[in-house]
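Presented below is the structure to which this report refers.
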Amino acid sequence: SEMISTGIIRLYRSRANPFDLVMAFTVFIDGVEVGQIWSNQVKAFDVAPGAHRVYVRFVLFRKSAELEVTLDAGTQEFLFCCTNWLAYPILRRSSENDILKMRAATLPSPISRDLGNSLGLETTFDEE
């Protein structure tokens with residue numbers, strides 16, 4: 001098997017209040033836009049080993065504080081984001097509770113192979 005050469009930043013966005021239903025956050029890693037995340041979604045981003053700066057942006061100039069995370073190859077960092085009641089985005093390291101909520105958020109809908117794998121969930125598929 002190949003050596004894993006990257007780390008993974010797993011970002012979960014909760015549905016904290018009505019602002020979280022209407023618009024995506026834009027995710028930035030090291031100043032580069034890497035994707036969007038919607039309410040109740042989990043996204044996984046592959047990054048090179050080392051230190052990385054992460055923030056999320058909501059509407060206009062509303063962005064979260066920048067978080068610095070350091071990953072080794074083959075490790076992952078769990079981050080959590082949502083809006084506060086002033087509709088500003090919040091980004092922080094995930095608590096144990098956030099991780100439980102993240103896992104629960106991904107269970108009710110059918111799990112695709114990609115999503116299941118990206119969450120590290122034990123999924124089995126019958127191969128043709």
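Rule-based calculations on the coordinates, nothing more; no lab input. Please read these numbers as outputs of a predicted model, since none were measured by experiment. Please note: Cβ atoms are built from the backbone with ideal geometry, for glycine as well, and neighbour counts cover all protein chains shown.
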Can you give the net charge of the other residues whose Cβ lies under 12 Å from the Cβ of F58, counting K and R as +1 and D and E as -1?
+3
In the P(r) worked out for segment 44-96, what percent of Cα pairs fall beyond 17 Å?
40 percent
In whole angstrom, the spacing between the Cα centers of segment 1-29 and segment 41-69 equals 8 Å
Within the under-11-Å Cβ sphere about A48, not counting A48, Lys/Arg +1 and Asp/Glu -1 give a net charge of -3
I want the local charge near E77. Using Cβ-Cβ distances under 9 Å, sum +1 for each Lys or Arg and -1 for each Asp or Glu among the other residues.
+2
Could you pull out the GluC sites (Glu not before Pro) across segment 10-91 that fall in loop regions by DSSP (anything but H, G, I, E, B) with no more than 15 other Cβ atoms inside 10 Å?
E66
